[in-house]
Amino acid sequence: MISKKTVAALIKERIEELDNGLFIVSLNISTGNIINVEIDKYEGNVSVMDCMSVSRNVEHNLDREEQDFELHVSSAGLDRGLRVLPQYRKNIGRQVKIKLHDGKSYEGELIDAQHENCTIQTVRKEKVEGKKKKEEIIENHTFEMTQVKETKIVISFK
């Protein structure tokens, strides 16, 4: 089986050469030597050229004569959710939906992300006694990363 450490080193080597803000989101190697790599960028989007460059560096430095493998390099899609801290930090200021392991979910603006926790700001309208109009109630919710089951970006077409 191909070593995950070897593949990760090849990916990091190319990322450092490109020096354009790429980082690894996930790297999985199945028992059948199917290598799946997801990358993202600190700023902006991952281009097809970024994926090709990373793919070629891995492809050209692994010996198919020694072990056959299948390689897939892609950008981390919006449908997959946020999985690593650089993704959380990149998306500060965006609307997200956080699902917790206890089944609760919250939707709001991601305002902070650290190794241990993340914070979202929610806005809701509530009728206040003695007033005719509903007022906006702004609350910050901080969650430990161990509580978070899934965080997805809310896509809006407004």
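Every number in this text was worked out from the coordinates using simple rules, so none of it is lab data. Just so we're clear, the structure is a prediction, and the values are computed from it rather than from any experiment. Because the Cβ atoms are built from the backbone with ideal geometry, glycine has one as well, and the counts that use them run over all protein chains shown.
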*Value at 222 nm in deg cm²/dmol, rounded to 500, when DSSP H runs of n ≥ 4 in the chain each add -39,500 (n - 2.57)*: -7000 deg cm²/dmol
*asked:* Tell me the relative contact order for the chain as a rounded percent, counting alpha carbon contacts under 8 Å between residues six or more apart.
replied: 18
*Hydrodynamic radius by Kirkwood, which averages 1/r over all alpha carbon pairs of segment 4-76, in angstrom*: 12.3
*Can you tell which of Asn140, Ala76, Phe23 lies farthest toward the positive end of the dipole of the chain, using +1 and -1 charges on the Cβ of basic and acidic side chains (Lys, Arg; Asp, Glu)?*
Asn140
*Mind checking which lysines have their C-alpha under 29 Å from Lys90, skipping anything on the same chain fewer than 8 residues away?*
Lys4, Lys5, Lys12, Lys41, Lys99, Lys104, Lys125, Lys149, Lys152, Lys158
_Against the rule of thumb 2.2 N^0.38 Å, how large the Cα Rg of the chain comes out_ = 1.34
*Dipole size in debye (nearest 20) for the chain around its Cα centre, Lys and Arg Cβ +1, Asp and Glu Cβ -1?*
1120
